[in-house]
Amino acid sequence: MTVRQLSLPELTEACVRLGVPGVGLWREPVRDYGVEAAAKLVRDAGLAVTTLCRGGFFTTADDLDDNREAVDEAAALGTDTLVLVSGGLPPGGRDLAAARERIAAALAVLAPYAAERGVRLAVEPLHPMYAADRCAVSTLDQALELAAPFPASQVGVVVDTYHVWWDDRAPAAVARAGAEGRIHSFQLADWTTPLPAGVMTGRGQLGEGVIDLRGWYERVVAAGYGGPVEVELFNDALWARDGVEVLEETVRGYVRHVLRPNG
């Protein structure tokens, strides 16, 4: 999504040229291209599909059927991780606790189905500003509570700096998630202000905001995570630019602000 203006062939070609070893894919462009064709494209390029995004939105009658399809797509793409954005309140709803209970019930059905297909479910907490309409799970502690009834091999969490950087309990939750083997995905984005209207597309390029990206990287690694690091930016200004240039800039920002912040 950081460079959603690129087609899948353009994306894979640019990743190979820049030495990016894997890519987190979203369902919409994968479906448009064809799931099997997308799997072959990425595989033939020598890239890994790090995660598939997204399942979740457990607010409608057909949400479980759609999530089973998402699991099947993840398995076909060769990734072991399906990211879940769990959904907010139903229309007219005001009960966040009930919304989380509904998420827990959905996980109880979906986790065994995913496990049979070699796919883990990664519950992503979103910043509280999205609690009403997109995700009733706002903290890592809440995500870990939802994951707790299941083996770590079935249900874990996503640590996304954009969504958790503000929470002073998050560092301890990262350590706990690591000790339990539940960090299934680690994503980077920076926090810049002012936020745009709608607040969906305000994720800043690495190093342009206030988040201590290197500190979060070190924290997650110290917790035992050794998996892929994804950069996920929703940003209209970036989407309006040449996608390959944005990808090159993102790689430079990752090296400068995450791997070598003082270099």
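The values are calculated or read from the model by the stated rules, or taken from the named source; none is laboratory data. Everything numeric here is computed off the predicted structure, so don't read it as measured data. We place every Cβ from the backbone using ideal geometry, glycine too, and count neighbours over all the protein chains shown. Side chains are part of the model used for accessible areas, which takes the heavy atoms of the whole protein and leaves out ligands, DNA and RNA. Shrake-Rupley method; radii C 1.70, N 1.55, O 1.52, S 1.80 Å.
From the phi of every residue in the range 241-247, what ³J(HN,Hα) in whole Hz does the Karplus formula 6.51 cos²θ - 1.76 cosθ + 1.60 yield, where θ is phi - 60° and glycine or proline is x?
9, 4, x, 5, 5, 5, 5
Take every DSSP beta bridge with both residues inside the chain and express the antiparallel ones as a percent of the total, to the nearest 5.
So the antiparallel bridges amount to about 10 percent of the total.
Go ahead and estimate [θ] at 222 nm for the chain from helices alone: -39,500 (n - 2.57) per DSSP H run with n ≥ 4, summed, over the residue count, rounded to 500.
Taking each H run of at least 4 residues, the total per residue is -12500 deg cm²/dmol.
Mean shadow of the range 6-84, computed from the convex hull of its alpha carbons, in nm²?
Convex hull of Cα atoms, orientation-averaged projection: 4.9 nm².
For residue 51, what residues show an amide H to amide H distance below 5 Å, using hydrogens built from the backbone and excluding near sequence neighbours?
Under 5 Å from the amide H of residue 51 lie the amide H atoms of 24, 25, each far enough along the sequence or on another chain.
In a GNM of the chain with a 10 Å cut-off on Cα contacts, which of 172, 136, 122 has the highest mean-square fluctuation?
172
Out of 157, 87, 257, whose Cα points farthest toward the positive end of the dipole of the chain (charges: +1 Lys, Arg; -1 Asp, Glu; placed on Cβ)?
Farthest towards the positive end: 257.
Any idea what the relative contact order of the chain is, in percent, if you count C-alpha pairs under 8 Å spaced at least 6 apart?
Value for the chain: 17 percent.
Among rounded, prolate and oblate, which fits the range 87-133 when a ≥ b ≥ c are the square roots of the eigenvalues of its C-alpha gyration tensor, a/c under 1.5 means rounded, and a/b larger than b/c means prolate?
prolate
Take the chain, connect every pair of alpha-carbon atoms lying under 10 Å apart with a spring to form a Gaussian network, then pick out the residue of 30, 16, 71 with the largest mean-square fluctuation.
Maximum fluctuation in the GNM of the chain, among the listed residues, is at 16.
Under 10 Å, Cα contacts only: if you run a Gaussian network model on the chain, which one of 199, 85, 157 comes out with the highest mean-square fluctuation?
Result: 199 has the largest fluctuation of those listed.
Give the Cα extents of the range 53-131 along the principal axes, in whole Å, largest first.
38, 24, 16
If you take all C-alpha pairs in the range 94-168, what percent of them are over 16 Å apart?
In whole percent, the share of Cα-Cα pairs in the range 94-168 beyond 16 Å is 48.
Sorted by average packing, counted as other Cβ atoms within 10 angstrom per residue and highest first, what order do 239-247, 43-51 take?
43-51, 239-247
Using θ = phi - 60° and the Karplus curve 6.51 cos²θ - 1.76 cosθ + 1.60, what whole-Hz ³J(HN,Hα) does each residue of the range 21-27 get, with Gly and Pro shown as x?
x, x, 9, x, 9, 10, 5
Provide Rg over Rh for the range 140-263; use the alpha carbon set for both Rg and the Kirkwood Rh (inverse mean inverse pair distance).
A ratio of 0.99.
Quick check for you: with a 1.4 Å probe and neighbouring chains kept, what is the accessible area per residue of the chain, in Å²?
Accessible surface, normalised per residue, equals 44 Å².
How large, in percent, is the carbon and sulfur part of the accessible surface of the chain at a probe radius of 1.4 Å?
Carbon and sulfur atoms account for 52 percent of the accessible area of the chain.
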